[in-house]
Amino acid sequence: MAPHRTERLDEYAAKRDFARTPEPSGGTPAPPTDQPRFVVQRHRARRLHYDFRLEMDGVLVSWAIPKGPSLDPSVKRLAVHVEDHPIEYFDFEGVIPRGEYGGGDVIVWDWGTYEAVHAPDPVRAVEQGELHVELHGQKLHGRFVMIRRGEDASGKEQWLVFHKRDEHAVAGWDAEDHPRSVRSGRTNDEVAANPDASWRSDAPAAVARVDFSSSRPDIAALDALGARGDWEFDGVTLKLTNLDKVLFPPREKGGEPLTKRDLVRWYATIAPVMLPYLEGRPLNMHRYPDGVDKPGFWHKEIPSHAPEWITRWHNDEADEGESEWYVVADRPATLAWLANFGAIELHAWTSCIPHVHEPTYALIDIDPGGDTSWDDVLTLTRLYRTALGHLHVFGAPKVTGQRGIQIWVPIEPGPSFDDTRAWVEAVSRAIGNTVPELVSWKWEKHARGGLARLDYTQNAINKTLVAPYSVRPAPGAPVSMPIRWDELDAPELRSDRWTIRDAGARVMEVGDLFHDVLTRKQRLPSLGDAAST
Ligand code: MN
């Protein structure tokens, strides 16, 4: 019996850290889905190879062919049998972030349909180590034979693949002489230079593709709508309104303003990356329905007109007059709905449902004052980096999209907000004591004398910091973006360095840098005398 799809994909999942990667225009139409399909992806990872994949039993059964398949029947190529890939990967073309499993660039080098020859059950033929297929592709045609020859030292099955001598055979034919994608007409170099999609090899297949290409059918449909209309997205129909309303003025004089359509597009496309930071948590919305030039307001109660498919949570501890029902953002459609609702800034709680009194992060917030320079912010951030290093505590930095930097420290649930607040305060006081000229401990803004505040007070229930990948209410629509620690030394870094225009390209390039805050569980070490002096 062939294993079920989920079992078949276990190995695929095991290789990937499910919270970190991205990967899949003048091309040929995709093959029909009512016949078994094949795809060959040219993949420049650590080593160049061609991934030859046959759709069977609900997955893509796969071989890596270092030199690529050939139409020349005298050429026998090594093909290493690798783990099955999810069907969703079939037409992937784009980049897998550096540091991810398979990090590199991928094009759809060939695709089409195939017939298994003399094999009523191709899955069984693969198990038995010999498969004959007739390919109907754009580049590959005719009969190919695949034969298992043994295993390498690491236990990988080594196969040989070669073309039969038939009317499609071509002497001297080499894959490297045919370098362009059949999907987009692009080369690997062109895709790597300008990727519009990435594959999170560590994410479940349904959300693994982060796709900023305008050819994405659902996004193309959004762009085709008038000022209002019904939009099919993520399995629901959203009623979108005022799509051409300007929400963000341009940053530079003469620049293009950004509209509600742009906001919906951003949240719809970043959803696979952003949702892990929102799901399972109540959400506070910072709304600017008339644009960021007008005052915004906090909105916590889910409105009565919200569609019923939106997940919600009831706060049983709400006092009289306090919000009771909260949105829980757990699917792309919810993010698109929030954008249409004018919720520009999204703040998920620091704790998860139902244990809302147990924070999952200790939050460090470097909040610049009026006289705090960017260099001052960097100085303070570096001091935190040093302190966390001494304490052997992992923290992930992100720019806020305005002027500050935050550091999120993931913890094992258990401590109360009082505990995390006291810990962050103690570390912050130690840091403030080393640079008293930069920091004020005054509560009121006007009393701070333009100095920065190291704000530990947001470590409290129903107090929040802006979520990673959230848009900020400022001209140009800047985004709160995770960074690497070493980027503190990059001269071009600014808190508002990325906007919804270029944040997607950034995510394509570096993946989700915040990912470890989802998986690392730490106990905050006792600070003893170190921090109290
Ligand atoms: Mn590969």
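The values are calculated or read from the model by the stated rules, or taken from the named source; none is laboratory data. Values in this document were obtained by computation on a predicted structure and should not be read as measured data. Note that we place each Cβ from the backbone using ideal geometry, even for glycine, and neighbour counts take in every protein chain shown. Protein only, heavy atoms only, side chains kept; ligands, DNA and RNA dropped before computing areas. Shrake-Rupley method; radii C 1.70, N 1.55, O 1.52, S 1.80 Å.
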Going 7 Å from the Cα of E134 in the Cα-to-Cβ direction, what parts of region 23-66 have a backbone nitrogen less than 19 Å from that spot?
31-39, 54-56
Size of electric dipole in the chain: Cβ of Lys, Arg +1 and of Asp, Glu -1, about Cα centre, debye, nearest 20
860 debye
Region 291-346, relative contact order in percent, only Cα pairs under 8 angstrom and at least six apart counted
29 percent
So, in nm, how far is label T434 from label L488 when the simple model puts each one 7 Å beyond its Cα toward the Cβ?
0.9 nm
So if R0 is 41 Å, what FRET efficiency would T457 and E308 give, r being the distance between their Cβ atoms, rounded to the nearest 0.05?
0.70
For the chain, the accessible surface attributable to carbon and sulfur atoms (probe 1.4 angstrom, ligands and nucleic acids excluded) amounts in percent to 50 percent
Over region 124-239, with neighbouring protein chains present, the accessible area per residue in Å² at probe 1.4 Å is 49 Å²
How many nm is it between the label spots at N194 and H355, if each spot is 7 Å from the Cα in line with the beta carbon?
4.9 nm
Listed pairs K139/K164; K260/K300; K445/K521; K67/K156 exceeding 23 Å between Cα atoms:
K445/K521
Would you mind calculating the gained length between E444 and D290 on full extension (0.36 nm times residue separation, minus the Cα-Cα distance), in nm to one decimal?
52.6 nm
Using a Förster distance of 60 Å, the FRET efficiency for D371-A30 (Cβ separation, nearest 0.05)
0.55
How big is the gap, in Å, between the Cα center of region 342-408 and the Cα center of region 152-209?
41 Å
Using Cα pairs under 8 angstrom and six or more residues apart, how large is the relative contact order of region 418-533, in percent?
26 percent
Out of the GluC sites (Glu not before Pro) in region 95-192, which ones are loop residues according to DSSP with at most 12 other C-beta atoms within 10 Å?
E167
Given 0.36 nm per residue, what is the gain on full extension from Q402 to T519 after removing their alpha carbon distance, in nm?
39.4 nm
Using a Förster distance of 35 angstrom, determine the FRET efficiency expected from the C-beta separation of D316 and T237, and round it to 0.05.
0.60
